[in-house]
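One structure is given here, and the rest of the page talks about it.
The values are calculated or read from the model by the stated rules, or taken from the named source; none is laboratory data. None of these values were measured; they are calculated from a predicted model. Note that each Cβ is placed from the backbone with ideal geometry, even for glycine, and that neighbours are counted across all protein chains shown.
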Amino acid sequence: MNLPHLPRRAGALVIASVMAALAGCGADNDSSAAVAQTSAAESAQAETPAASKGDEESLAPAVVAALEAAARGQAFEDSLHPETAKTGKALSSLQQAFDVRHYALSLRIMPETRTIDGSLAVTFEALESLTAIELDLDPGLSVHGATVAGQAAEVARNEDSFTVTLPASVAAGETATVTVNYGGKPHIALAPPWHGGFVWSEVDGTPWFATAVQTEGCDLWWPCKDTYADKPDDGVEVAISAPRGVKVASVGTLDGVEEGDDGFDTWRWVSRHPYTGYAIAINGGPYEVIEESYTGINGTTYPIQFWALAANADKARRLVETEVFADLEFFERMVGPYPWGDEKVGFVETPHLGMEHQTINGYGEGYKRGKHGFDQLLHHELAHEWFGNVMTHARPQDSWLHEGYGAYMQSVYAEETTGDMGYFDRMYGAYTNNEHCLPVVNPAVADVGEAFDNRDIYTKGAWLLHTLRNYIGEEAFWAGTRRLVFGTSEPWDLPYPIAPRYRTTEDFTRIMSEEAGQDVAWLVETYLYEAGMPDLQVERSDERIELTWNTPSDRPFPMPVSVSIDGEIIRVAMAEATGSIAVPAGARVIIDPRSEILRNLPIIGSCDEQTEEQVQYNIDRYTRMAREYGWQR
């Protein structure tokens, strides 16, 4: 996703913070309450999409109370079922017994009543002999029935899922399709994209809606196997019927629009690629479609679509021409081909800040260029097409592979747009917002929401990449990054379709070690598996400086240290975590003058709970965005 979170759980309640973020849902800002690297400057959001609800309109007291409770980590009236609010959690034995091959979702959206009604057809392959399958779905939605090959199937509802008994057993290796009819009022997002669900708004009387469910999962609005670990291998189909005048943007390519006799039009989208459940999104509104094309590094010319509110069409066109083209050139040059060039690069203006939905990224930043010379939200969400969508973490504990990289790529881009000044400005912001309360890679994390409780997956993840890049060098670091994403360090000519892959932190460590020609596990493990940071003890006496690394859990840490002595930089070996260097009396000495190493410095605060100031920041931000985007409850 886009933003780190404050702690989300209060008892059984799943909540998320709206602290602005290192990762990308916010323009650049120096607010001390914001998580750096992104900077969170909606306070300067002069171009917020104009919804029908004006900024001066008062929010209902119940909504204000819910927003405040969410910001404080307290339960609020419409809190989700605690299990529905988890995505990426352990699968049941029934769910482990089948592999999803294809999803076909057909929905009628009724904004006037904020209800949905439709069906989901899931094609699966049995991994063992099956007599039933289990899918996840918010208990707030009703299952009307299920069929298999036209034959009625028995449905048993569990708290946060349901089981469909198959009319006949399916042998291992065979496939079958179950169609589920369902509907109701989907969970309404309280403060999207952090508190996810359906987002309802309107523009001049025309409905404007979206879905955003990263840390809660697809089961908030459609029946699915709510895990990152089982993507539909053969792709997805999404058919959405919405009131005439509402244009619907979704994943893949548009296969057609059918006008109904009842005033509803059906928009059919098709993709042959695998998707994580939360990355399948629908968006509807009075859009104007900006269309361009781009010839990628592998020679393929692919379409770019930006579904903008009509009033912002000119801004969207400029954004595509000045930013999207440049961002694509950067990512393809540094990492490799855009992964979905056989379908589209997609953005859609949303009634929330944004989200990395595959081929249809949500964008609600107001067409602003940040202080580092680019629209960092657009850049961040596009980064996730490489770091999150085509390369996906295999376990929730590996979420830093998405967000650490997603955040760090903005610093690398700022290095190109504004030089060292921009790069280190972002890295300094990330550094001062490290919490070092929890390990970045924590095997105790049971679902994706828990992983996002720790904003260090952004900040410390980015600093690990910075430190590793300095240690092993440019060539090895970027070759390793490309292998992580594409399986090869030379992906430039890869044809479409490009195969997605799952990765773990262990994969990252192995690949980087191979590219570096040395084992870097000691470096990765020190930063990711410990809550704290290495501490460099410096002692100067007479004409010598003694250096000693102290690490959490006394891990070995032979990290060499650069020392500037009257402007001359000398690299000090630290083979046994100690080293020394001669220094003339009176010489000016700077340790690690280029800030190459993530280490404990006194500018980082202690690990403690969120402060009242931060809570108030979140409350103010929630309520302001509720007015600006016209969120309807």
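Worth pointing out:
- Qualifying residue in the stretch 154-167 (condition: acidic (Asp, Glu), closer than 16 Å to residue 226 by Cβ and out of contact with any Cys (no Cβ under 6 Å at 6 or more places or on another chain)): yes
- First in the stretch 497-522 and more than 15 Å from residue 486 (Cβ to Cβ) and in contact (Cβ under 8 Å) with a residue 60 or more places away in the chain, second anywhere and outside any helix (DSSP H, G or I) and not basic (Lys, Arg), Cβ under 8 Å, 6 or more apart: 504/393; 504/394; 505/441
- Taking the criterion of being of a type in the set (D, E, K, R), modelled with pLDDT under 95 and within 30 Å of residue 438 (Cβ to Cβ), the residues of the stretch 522-571 that qualify are 554, 555.
- Among the residues of the stretch 508-521, just one is in a loop (DSSP other than H, G, I, E, B) and surrounded by 17 or more Cβ atoms within 10 Å (Cβ to Cβ), namely 520.
- Cβ separations smaller than 6 Å between residues 6+ apart or across chains give the following pairs from the stretch 129-145 residues that are closer than 21 Å to residue 197 by Cβ to residues that are at pLDDT 95 or above and small (Gly, Ala, Ser): 136/161; 141/184; 142/184.
- The one condition from (1) part of a loop (DSSP other than H, G, I, E, B); (2) touching a helix residue (DSSP H, G or I) at 6+ places or on another chain (Cβ under 6 Å) that residue 454 does not meet is (2).
- Of all residues in the stretch 580-599, those that are on the phi < 0 side of the Ramachandran plot, among the small types (Gly, Ala, Ser) and surrounded by 13 or more Cβ atoms within 10 Å (Cβ to Cβ) total 2.
- Set side by side, the residues 524, 485 differ, and just one is within 18 Å of the chain's Cα centre (by Cα), aliphatic (A, V, I, L, M), in a helix (DSSP H, G or I) and crowded, with 19+ Cβ neighbours inside 10 Å, which is 485.
- Among the residues making up the stretch 565-583, those that are assigned to a strand (DSSP E or B) and within 14 Å of residue 597 (Cβ to Cβ) are 569, 571, 572, 579.
Conditions tested, residue by residue: (1) within 26 Å of residue 271 (Cα to Cα); (2) part of a helix (DSSP H, G or I).
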site: 292; (1), (2): yes, no
site: 304; (1), (2): yes, no
site: 324; (1), (2): yes, yes
site: 333; (1), (2): yes, yes
site: 346; (1), (2): yes, no
site: 368; (1), (2): no, no
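- Qualifying residues in the stretch 488-507 (those that are part of a loop (DSSP other than H, G, I, E, B) and of a type in the set (Phe, Trp, Tyr)) - the one surrounded by the most Cβ atoms within 10 Å (Cβ to Cβ): 496
- For residue 132, the stated conditions do not hold, so it cannot be described as within 17 Å of residue 102 (Cα to Cα), modelled with pLDDT of 95 or more, buried (at least 17 other Cβ atoms within 10 Å of the Cβ) and out of contact with any Pro (no Cβ under 7 Å at 6 or more places or on another chain).
- In the stretch 202-235, the residues that are in contact with a His (Cβ under 7 Å, 6 or more places away or on another chain), surrounded by 24 or more Cβ atoms within 10 Å (Cβ to Cβ) and under 20 Å from residue 178 (Cα atoms): 220, 232
- Matching option when the condition is among the aliphatic types (A, V, I, L, M) and exposed (fewer than 15 other Cβ atoms within 10 Å of the Cβ), among 257, 320: 257
- Scope the stretch 271-297; condition without any contact (Cβ under 8 Å) to a residue 40 or more places away in the chain and of a type outside the set (Asp, Glu); matching residues: 290, 293, 295
Conditions (1) free of Cβ contacts under 8 Å to residues at least 24 places away in the same chain; (2) touching a Ser or Thr at 6+ places or on another chain (Cβ under 9 Å); (3) within 26 Å of residue 226 (Cα to Cα); (4) part of a strand (DSSP E or B), marked per residue:
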| residue | (1), (2), (3), (4) |
| --- | --- |
| 336 | no, yes, no, no |
| 340 | no, yes, yes, no |
| 362 | no, yes, yes, yes |
| 379 | no, no, no, no |
| 389 | no, yes, yes, no |
| 413 | no, no, no, no |
| 420 | yes, no, no, no |
| 423 | yes, yes, no, no |
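- Within the stretch 264-306, tally of residues that are surrounded by 22 or more Cβ atoms within 10 Å (Cβ to Cβ) and farther than 27 Å from residue 499 by Cα: 4
- The one condition in (1) over 21 Å from residue 213 (Cα atoms); (2) touching a residue at least 24 places away in the same chain (Cβ under 8 Å) that residue 322 fails to fulfil: (2)
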